[in-house]
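J.: Just passing along the structure, written as structure tokens.
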Amino acid sequence: MLEAIKLTKYFGGLAAVNELNLRVNQGEILGLIGPNGAGKTTFFNVVSGFFPPTNGRVLFEGKDISQLKAHDIAYRGISRTFQASTLFMKLSVLDNVFTGYHKSYRTRFLKRVLHTPSARKEEEGFRQKALETLEFMGMASLKEELAANLPHGYQRTLGIAMALATNPKLLLLDEPATGMNLTEKNAVIDLIRRIRDMGITIILVEHDMKVVMDLCDRIIVLNFGQKIAEGLPEEIKSNREVVEAYLGKEESKNAA
């Protein structure tokens, strides 16, 4: 579904991503892990069009999207969440999800401004879809609550709901379980599995190794912008180079 070919992104003289080659298969949950500064979020930013690559290419469904803008990539079916909250805090939970359907409108802009019957009918349809998305997420009872009033776990889940509203084929999840307690983490693990079961391919960046090991079909490890390991969760868990990247050589020797 997605392929990065010698993908490179420089910031000044620093290579945040350095000649990275990776492939994402349709229908899988791919884990992308590594220490802080490894290049994981930069990779997401390049794939989703927030940053252009310095070198290399990104192919999505066989087509080069390397130079497309973020909105064009979203229209092609790639959506993402962010580490920091990107919610509309002063809007209701339902209205936050409703905004995710903006790219699905077929009614002309002028008719929407004039609030014609056809525009109202389409808007009502998207509001119903937004409610169905909240029901899927287990948040329908919170539909009238302001996003600012939600506990942290629900805010993270609402961010995923907004990404789902764009009807993605590929979903990039950037630390979806960060700051959650154990109960919330188990809930988000179940949710991500159900999203994959809908036919949506997922790339997951996450520091919580329990979440990664429980969820991912395959894992790629980055360090200093380069891929240092790739394999099944059990293979990655016992990979010495991965352990050293996280702990440092001396500490990994002591741990051994």
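The values are calculated or read from the model by the stated rules, or taken from the named source; none is laboratory data. Quantities reported herein were computed from a predicted structural model and do not represent experimental measurements. Note: ideal-geometry Cβ built from the backbone for every residue, glycine included; neighbour counts use all protein chains shown.
J.: When the residues of the range 177-192 are filtered to those that are in contact (Cβ under 8 Å) with a residue 40 or more places away in the chain and either surrounded by fewer than 21 Cβ atoms within 10 Å (Cβ to Cβ) or part of a loop (DSSP other than H, G, I, E, B) (or both), which remaining residue is farthest from the chain's Cα centre (by Cα)?
T.: A187
J.: May I ask you to verify whether R112 is surrounded by 13 or more Cβ atoms within 10 Å (Cβ to Cβ), of a type in the set (K, R), modelled with pLDDT under 95 and under 21 Å from the mean Cα position of the chain (by Cα)?
T.: Criteria not met by R112.
J.: Hey, among I78, I65, which residue is surrounded by 17 or more Cβ atoms within 10 Å (Cβ to Cβ), out of contact with any Asp or Glu (no Cβ under 9 Å at 6 or more places or on another chain) and closer than 23 Å to T201 by Cβ? Talk me through it step by step, then tell me what you get.
T.: Values: I65 fails: out of contact with any Asp or Glu (no Cβ under 9 Å at 6 or more places or on another chain).
Residue meeting the stated conditions: I78.
J.: Suppose the filter is farther than 19 Å from K169 by Cβ, of a type in the set (K, R) and in contact with a helix residue (DSSP H, G or I) (Cβ under 8 Å, 6 or more places away or on another chain); does K40 pass it?
T.: Considered against the rule, which asks whether it is farther than 19 Å from K169 by Cβ, of a type in the set (K, R) and in contact with a helix residue (DSSP H, G or I) (Cβ under 8 Å, 6 or more places away or on another chain), K40 comes out as no.
J.: Only one of these conditions is not met by L232: (1) at pLDDT 90 or above; (2) in contact with a strand residue (DSSP E or B) (Cβ under 7 Å, 6 or more places away or on another chain); (3) surrounded by 15 or more Cβ atoms within 10 Å (Cβ to Cβ). Which number is it?
T.: Here L232 meets the rest and fails (3).
J.: Quick one: V243 ticks every box in (1) over 25 Å from T133 (Cβ atoms); (2) touching a residue at least 24 places away in the same chain (Cβ under 8 Å) bar one, so which box is it?
T.: Here V243 clears every test but (2).
J.: Condition first: crowded, with 19+ Cβ neighbours inside 10 Å and among the basic types (K, R). Now tell me which residues in the range 1-54 satisfy that.
T.: Answer for the range 1-54, where residues must be crowded, with 19+ Cβ neighbours inside 10 Å and among the basic types (K, R): K9, K40.
J.: Let me ask something else. Conditions first: (1) surrounded by fewer than 21 Cβ atoms within 10 Å (Cβ to Cβ); (2) within 28 Å of F98 (Cα to Cα); (3) among the hydroxyl-bearing types (S, T, Y). T201 passes all but one, so which condition is the exception?
T.: It is condition (1) that T201 fails.
J.: When you look at L222, is it closer than 27 Å to R76 by Cβ, under 16 Å from the mean Cα position of the chain (by Cα) and not in a helix (DSSP H, G or I), yes or no?
T.: Criteria not met by L222.
J.: Can you pull out the residues in the range 34-85 that are touching a residue at least 60 places away in the same chain (Cβ under 8 Å), under 13 Å from A4 (Cβ atoms), polar (S, T, N, Q) and outside any loop (DSSP other than H, G, I, E, B)?
T.: T42
J.: Being free of Cβ contacts under 8 Å to residues at least 12 places away in the same chain and not in a strand (DSSP E or B) is the filter here, so list the residues in the range 1-33 that pass it.
T.: Scanning the range 1-33 gives G12, G13.
J.: Among the residues of the range 184-204, how many are of a type in the set (V, I, T) and farther than 14 Å from R156 by Cα?
T.: 5
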